[in-house]
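One structure below.
The values are calculated or read from the model by the stated rules, or taken from the named source; none is laboratory data. As the structure is a prediction and not an experimental result, all values here were calculated from the model. So basically every Cβ, Gly included, is an ideal-geometry build from the backbone, and we count neighbours across all protein chains shown. Each accessible area value is taken on the protein alone, full model and side chains, heavy atoms only, with ligands, DNA and RNA left out. Shrake-Rupley method; radii C 1.70, N 1.55, O 1.52, S 1.80 Å.
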Amino acid sequence: MESGPPAPGPLTGFTVGVTAARRADELIALLRRRGATVLHAPALRTVPLADDSELRAATEEIAGRAPDVVVVTTAVGFRGWTEAADGWGLGERLLARLGETELLARGPKVKGAVRAAGLTEDWSPSGESMAEVLDRLLEQGVDGRRIAVQLHGESLPEFTEALRSAGAEVVPVPVYRWLPPEDIGPLDLLLDAAVSHGLDAITFTSAPAVASLLSRAGERGLLDGLLAALGHDVLPACVGPVTARPLRARGLQAVQPERFRLGPLVQLLCRELPARATVLPVAGRTVEIRGHAVLVDGEPRPVPPAGMALLRALSRRPGWVVPRTELLRALPGTGRDEHAVETAVARLRTALGAPELIRTVVKRGYRLAVDPRAEAEHAGG
């Protein structure tokens, strides 16, 4: 017995931009497994600072005199720090000093890295947020205390300045630095796709990645277009509130999961994007209009861009006749020849595999063959 085609995934028909560099493969695999088309463009690259004078100076300072508190923010950053210290012959001294201080580890992965180094954390926040770490420190009182903060690309200005304002001496430990990608081409392609509404969502896993995309858009004169797209058709999805901060500063609302992990981020998209699709009963069938595909009775039907533009124009007035002149304006780059509409409609019908979904109204235009009850409900709404 032959099995039919695989059922569409919750993200089938949607295109998602991925800006992550680190762990991008994992995120892309999760998205594709659920049917998404992925456009990957790292917004940043991480540069380890094993030879950096700032990191070495901070390491020597801490190895010479243990601080009162050490805040470890990322597992990969902590491992990079201890590996760099080993390379300088400071590894044993650094671990000895860290064993004498109060260790705060942000999250279970950080705890794992700390314990793998033979150390034990004194506390870790349940929500894995730096805000919780800051609240704990301020509640304990930090006036006159020396606090080392392991950084991973981000400078965490709000966190460190809050500690300094409360009287702490802060020792930043910059393990990695984030720089623009060496090849800016993929980021420009993602930016062009976002501005032209060729993406349904963009995922961000760090605040600097958001800042990098906004900065590149500004350099190319596309910032207004990007902000407009992110505020309307292109859903910004962030792994957590810290990542979303640069978007909030621009007046944009990003969706974010309750748990700051890649899996919950993808699950969130699996709910949010299908909820944005237009679903109509047309000619006895269920038609779901997604980003770059249409589901007809649950079967994915890839539709070219011109066809999607027509279908969206028709779906905005389901059951009503849409004049050829209006449909011509909806078509990308077709000029003034109304025959282009006829050609595009013919191709759309072929792509949908159900010509009866779109009715020709002689000398007037075209309309979706929406079921009468649905048409009445739409008119009443």
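Tabulated data for the structure shown
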{"item": "Filter result (over 24 Å from Arg56 (Cα atoms), aliphatic (A, V, I, L, M) and over 17 Å from the mean Cα position of the chain (by Cα)) within segment 157-205", "result": "Ala162, Ala166, Ile184"}
{"item": "Sole residue being farther than 20 Å from Leu55 by Cα, in contact with a helix residue (DSSP H, G or I) (Cβ under 6 Å, 6 or more places away or on another chain), open to solvent by less than 30 Å² (accessible area, probe 1.4 Å) and of a type in the set (A, V, I, L, M), chosen from Ala194, Ala105", "result": "Ala194"}
{"item": "Residues within segment 265-303 that are within 19 Å of Pro318 (Cα to Cα) and among the charged types (D, E, K, R), tallied", "result": "5"}
{"item": "Qualifying residue in segment 342-350 (condition: more than 21 Å from Thr278 (Cα to Cα), touching a Ser or Thr at 6+ places or on another chain (Cβ under 8 Å), among the acidic types (Asp, Glu) and open to solvent by 70 Å² or more (accessible area, probe 1.4 Å))", "result": "no"}
{"item": "Any chance Leu247 is at pLDDT 90 or above and under 30 Å from Arg329 (Cα atoms)", "result": "no"}
{"item": "Residue that is nearest to the chain's Cα centre (by Cα) [pool: residues in segment 206-216 that are open to solvent by 40 Å² or more (accessible area, probe 1.4 Å) and not polar (S, T, N, Q)]", "result": "Ala211"}
{"item": "Members of segment 200-214 found to be part of a loop (DSSP other than H, G, I, E, B) and either over 16 Å from Ala43 (Cα atoms) or among the small types (Gly, Ala, Ser) (or both), listed by number", "result": "Asp200, Ser206"}
{"item": "Single match in Leu295, Leu311 (criterion: open to solvent by less than 20 Å² (accessible area, probe 1.4 Å), more than 30 Å from Pro157 (Cα to Cα) and assigned to a strand (DSSP E or B))", "result": "Leu295"}
{"item": "Positions within segment 114-153 being over 25 Å from Asp52 (Cβ atoms), among the polar types (S, T, N, Q) and open to solvent by less than 70 Å² (accessible area, probe 1.4 Å), in sequence order", "result": "Ser124, Ser129"}
